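Student: Handing you a structure now.
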Amino acid sequence: MRKSERRKTAAERQATTQPAEAQPAQWRTTQETLIMAQISRTKLHKATKAGTFPKPIKIGKKCVWIDSEIKEWMGR
C-alpha cells in the first residue's frame, strides 16, 4: 500500500467517525479579521491587548483568529 493510499484511508476513517453536525473551526488571518470586523490594525491590537477582542492563536510567525469568536464579538 502506498503512502497516498494510507493517507486517503485514514482521512476516510476520520470523516466517518466525526458527527455530521461537527464543523471544523474556520481560521481568519489578520487581514481577513480586519475586513470582517471592519476595524483598523491599531484598534485590533489595542482591543486584543485590553481583552475586549478575542485573543489570536499563534501558528509559527502568523496569528489567526477563530471565525466564530469574531462573529460572537460582532454580535451575530
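Student: If I ignore ligands, DNA and RNA and count only protein heavy atoms, how much of Arg41 is accessible to a 1.4 Å probe, in Å² to the nearest 10?
Tutor: 120 Å²
Student: Going from most exposed to least, what order do Trp73, Trp65, Trp27 have by accessible area with a 1.4 Å probe?
Tutor: Trp27, Trp73, Trp65
The values are calculated or read from the model by the stated rules, or taken from the named source; none is laboratory data. Keep in mind that this is a model prediction, so the values were computed, not measured. Each accessible area value is taken on the protein alone, full model and side chains, heavy atoms only, with ligands, DNA and RNA left out. Shrake-Rupley method; radii C 1.70, N 1.55, O 1.52, S 1.80 Å.
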